[in-house]
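Since the structure comes first, as structure tokens, the remarks are kept for the end.
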Amino acid sequence: MDAAALSSRIALSANRFANHHAVGGDRSSIYRRRSTNVAFPIVITAAGKGGGVLDRPAEKVSPGRQSEFDVKKSRKMSPPFRVVLHNDNENRREYVVQVLMKVIPGMTVDNAVNIMQEAHVNGMAVVIVCSQQEAEEHCTALRGNGLRSSIEPASGGC
């Protein structure tokens, strides 16, 4: 043990843990007897004025799988992509709003109507900005429901 470690003992008497409501013949009544003090060693390390630094617990990851931290980190670091909805004269406006709400998580009616209206007036509208993988999934789902859509990198002046 190095000089920075202090050893201390705290004595705890057994009667502190006794069940004072024990009935005669009850197993817990054995704890009512007085016994000698029991001591538990406690080691305190002195780490200066600020105290010790807690290390992050080691995270075990199965081979071939990413940890939750790595997945979040890769999402944050991946460049953003835009999902763009293009106007078409084939689908009714109400249907476009329904598809947007079905395909895009968290899409509200108001946002879906605004996106649909922008695409109708300007020829295209940005639906969502997300990772490339998510953008491809959303674009595929929109196309699967008969809407014209594409993705593009969002780095060029949002």
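Tabulated data
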item: Test: residue in segment 60-70 that is open to solvent by 100 Å² or more (accessible area, probe 1.4 Å), modelled with pLDDT under 95 and not in a loop (DSSP other than H, G, I, E, B); result: yes
item: Total residues in segment 96-108, condition open to solvent by less than 80 Å² (accessible area, probe 1.4 Å), assigned to a helix (DSSP H, G or I) and without any contact (Cβ under 8 Å) to a residue 24 or more places away in the chain; result: 2
item: Residues that are assigned to a loop (DSSP other than H, G, I, E, B) and over 16 Å from ASN87 (Cα atoms), drawn from segment 109-155; result: SER131, ALA154, SER155
item: Selection count where residues are surrounded by 14 or more Cβ atoms within 10 Å (Cβ to Cβ) and under 20 Å from THR140 (Cα atoms), scope segment 112-126; result: 7
item: Count of residues meeting criterion [touching a Ser or Thr at 6+ places or on another chain (Cβ under 8 Å) and either closer than 15 Å to ILE151 by Cα or among the acidic types (Asp, Glu) (or both)] in segment 86-132; result: 4
item: Hits in segment 143-158 (condition: over 14 Å from ARG93 (Cα atoms) and touching a residue at least 12 places away in the same chain (Cβ under 8 Å)); result: SER149, SER150, ILE151, GLU152, PRO153, ALA154, SER155, CYS158
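The values are calculated or read from the model by the stated rules, or taken from the named source; none is laboratory data. Note that the coordinates shown come from a computational prediction; the quantities given were computed from them, not determined experimentally. Cβ: placed from backbone, ideal geometry, glycine included. Neighbour counts: every protein chain shown. Accessible surface areas use protein heavy atoms only, side chains included; no ligands, DNA or RNA. Shrake-Rupley method; radii C 1.70, N 1.55, O 1.52, S 1.80 Å.
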